[in-house]
Amino acid sequence: MNIVITGGAGFIGGNFVYYMLKTRPADKIICYDALTYAGNMATLKEAAENKNFVFVRGDIADREAVYRLFEEEKPDIIVNFAAESHVDRSIENPEIFLRTNILGTQVLLDACRKYGIKRYHQVSTDEVYGDLPLDRPDMFFTEKTNLHTSSPYSASKAGADLLVSAYHRTYGVPTTISRCSNNYGPYHFPEKLIPLMIINALHDKKLPVYGEGLNVRDWLYVEDHCAAISMILQKGKEGEVYNVGGHNEQRNIDVVKIILKELNRSETLIEHVTDRKGHDRRYAIDPTKIMTELGWQPTTKFADGIKLTIKWYLEHKSWWEDIISGEYRDYYAKMYDNR
Ligand code: NAD
Ligand code: DAU
């Protein structure tokens with residue numbers, strides 16, 4: 001099989017490239033990525049040494065380039081990770097989110113119609129369901145929960161999901177969608193909560209917690225997400241949506257304290273800063289469907305996964321030092337100075 005992984009130079013896509021090279025050695029893995037600020041060839045260094053791996057630089061919203069990709073690589077499967085993924089950036093500048101996440105998805109779907117495909121898989125997010133109240137621990141997102149978005153990012157992801165479903169129903173494109181909770185693990189871009197806090201703590205810099213830090217996220221180790229997508233490709237039913245999550249809810253402030261404890265740093269580094277606009281309160285996935293219908297189970301507990309993640313950042317300093325010494329410095333100053 002020829003498997004195109006879009007956004008494979010990013011966090012989850014990069015982990016998925018390695019997962020597929022390891023678990024499907026007979027397949028050709030083609031990474032298609034525009035290498036935006038979030039894409040990093042250093043993430044694919046070892047993959048590039050594998051004879052089954054090919055990298056093609058390109059934009060999912062560039063129709064000509066995508067059609068050329070289909071003509072040259074003749075994909076059997078597309079897994080679309082390519083996206084603008086950071087909520088805070090979407091609040092600053094929504095437009096690129098609509099272009100990449102919605103129009104880019106449409107171009108990929110058009111290519112699937114034109115050239116044919118065995119499966120198009122859309123990597124979506126639990127954020128399309130909006131948020132849950134903090135005082136209702138009995139409530140979870142199921143696949144039947146209404147789409148109800150908060151940020152330009154989540155609105156763009158919901159728009160893409162609706163297009164995927166429309167292309168399945170109207171044109172019969174064989175699609176599946178997964179909606180996963182927050183991932184963490186190796187190659188996570190330093191703008192996101194967990195790597196940002198690890199890196200700031202290592203530099204004895206302030207840890208900027210939005211508001212009181214009581215918002216809840218449902219954390220899943222990235223390899224468990226990769227395994228879920230792989231299982232959906234093998235056993236998932238066309239036209240279906242699968243929620244992915246491991247019942248691992250944590251308040252932000254508690255995650256930050258765990259990181260400080262692991263790194264033997266003082267909690268006085270914590271600084272409460274102005275809250276994110278429209279900040280979603282709680283995410284919590286009900287993963288019953290993927291567990292019962294496909295037999296997926298998460299394997300890494302948060303207590304172990306966070307240790308593995310911190311160890312990875314300690315052992316791969318050059319990977320993140322290269323990032324934080326570049327344009328990231330301007331981003332950080334813009335988002336956090338005088339916040
Ligand atoms: P990321 O920002 O780390 O990586 C995104 C990748 O997409 C980068 O390599 C970037 O270069 C590439 N890209 C961006 N625009 C592109 C374009 N126009 N054409 C081609 N490539 C482009 O993102 P991530 O955190 O790895 O998320 C991957 C996917 O998973 C996204 O679709 C996101 O919505 C979804 N998701 C993320 C999480 C999470 O916790 N990070 C959870 C659930 C779902
Ligand atoms: O739920 C899945 C989503 O998880 C994905 O769809 C998104 O692509 C991904 O970025 C992530 O979104 P979040 O907004 O939940 O992740 P982020 O790491 O940006 O923030 C996690 C929580 O931490 C959130 O409540 C905001 C808070 N936060 C974040 C940063 C960057 C802080 O308190 N301080 C910070 O500096």
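Kindly indicate the residue of segment 140-164 that is assigned to a helix (DSSP H, G or I) and either under 10 Å from Gln122 (Cα atoms) or basic (Lys, Arg) (or both) and also nearest to ligand 1 (Cβ to nearest atom) among those meeting that condition.
So the residue we want is Lys157.
Kindly indicate which of Glu73, Glu64, Glu84 is at negative phi and surrounded by fewer than 16 Cβ atoms within 10 Å (Cβ to Cβ).
Details: Glu73 fails: surrounded by fewer than 16 Cβ atoms within 10 Å (Cβ to Cβ); Glu84 fails: surrounded by fewer than 16 Cβ atoms within 10 Å (Cβ to Cβ).
Only one candidate passes the filter, namely Glu64.
Go through segment 1-28 and give me each residue that's crowded, with 24+ Cβ neighbours inside 10 Å and more than 15 Å from ligand 1 (Cβ to nearest atom).
Of everything in segment 1-28, just one residue is crowded, with 24+ Cβ neighbours inside 10 Å and more than 15 Å from ligand 1 (Cβ to nearest atom), namely Ile3.
Does segment 37-53 contain any residue that is out of contact with any Phe, Trp or Tyr (no Cβ under 9 Å at 6 or more places or on another chain), more than 20 Å from Gly116 (Cβ to Cβ) and in a strand (DSSP E or B)?
Scanning segment 37-53 turns up at least one residue that is out of contact with any Phe, Trp or Tyr (no Cβ under 9 Å at 6 or more places or on another chain), more than 20 Å from Gly116 (Cβ to Cβ) and in a strand (DSSP E or B).
Which residue is nearest to ligand 2 (Cβ to nearest atom), if the candidates are limited to segment 270-301 and must be closer than 21 Å to Trp312 by Cβ and buried (at least 17 other Cβ atoms within 10 Å of the Cβ)? Working first, answer last.
The first filter runs over segment 270-301 and keeps only residues closer than 21 Å to Trp312 by Cβ, leaving 298-301.
Remaining after also requiring buried (at least 17 other Cβ atoms within 10 Å of the Cβ): 298, 300.
On the way: Pro298: 15, Thr300: 17 Å.
So, considering only residues that are closer than 21 Å to Trp312 by Cβ and buried (at least 17 other Cβ atoms within 10 Å of the Cβ), the one nearest to ligand 2 (Cβ to nearest atom) is Pro298.
State all residues of segment 199-258 that are small (Gly, Ala, Ser), part of a loop (DSSP other than H, G, I, E, B), open to solvent by less than 20 Å² (accessible area, probe 1.4 Å) and within 15 Å of ligand 1 (Cβ to nearest atom); if no residue qualifies, say none.
Gly245 - this is the single residue of segment 199-258 that is small (Gly, Ala, Ser), part of a loop (DSSP other than H, G, I, E, B), open to solvent by less than 20 Å² (accessible area, probe 1.4 Å) and within 15 Å of ligand 1 (Cβ to nearest atom).
Being over 19 Å from the mean Cα position of the chain (by Cα), among the hydrophobic types (A, V, I, L, M, F, W, C) and closer than 30 Å to Asn146 by Cα is the filter here; which residues of segment 282-339 pass it?
Met291, Leu294
Mind listing whichever residues of segment 87-99 are within 16 Å of ligand 2 (Cβ to nearest atom) and open to solvent by 20 Å² or more (accessible area, probe 1.4 Å)?
If the condition is that a residue be within 16 Å of ligand 2 (Cβ to nearest atom) and open to solvent by 20 Å² or more (accessible area, probe 1.4 Å), then Arg89, Ile91, Glu92, Asn93, Pro94, Ile96, Leu98 are the ones that fit.
Residues in segment 179-195: is at least one away from ligand 1 (no atom under 16 Å from the Cβ), open to solvent by 10 Å² or more (accessible area, probe 1.4 Å) and either more than 24 Å from Gly305 (Cα to Cα) or not in a strand (DSSP E or B) (or both)? First the steps, then the outcome.
Narrowing segment 179-195 to residues away from ligand 1 (no atom under 16 Å from the Cβ): none.
Within segment 179-195, not a single residue is away from ligand 1 (no atom under 16 Å from the Cβ), open to solvent by 10 Å² or more (accessible area, probe 1.4 Å) and either more than 24 Å from Gly305 (Cα to Cα) or not in a strand (DSSP E or B) (or both).
Residues being among the acidic types (Asp, Glu) and near ligand 1 (Cβ under 10 Å from one of its atoms): count how many of those fall in segment 75-90. Can you show your working first?
Looking only at segment 75-90, we keep the residues that are among the acidic types (Asp, Glu), and these are 76, 84, 88.
So of that shortlist, the ones also near ligand 1 (Cβ under 10 Å from one of its atoms) come out as 84.
Result for segment 75-90: 1.
The values are calculated or read from the model by the stated rules, or taken from the named source; none is laboratory data. Since we're looking at a predicted model, the values are computed, not measured. Every residue, glycine as well, gets a Cβ built from its backbone with ideal geometry; the counts of neighbours run over all protein chains shown. Only protein heavy atoms, including side chains, enter the accessible area calculation; ligands, DNA and RNA are left aside. Shrake-Rupley method; radii C 1.70, N 1.55, O 1.52, S 1.80 Å.
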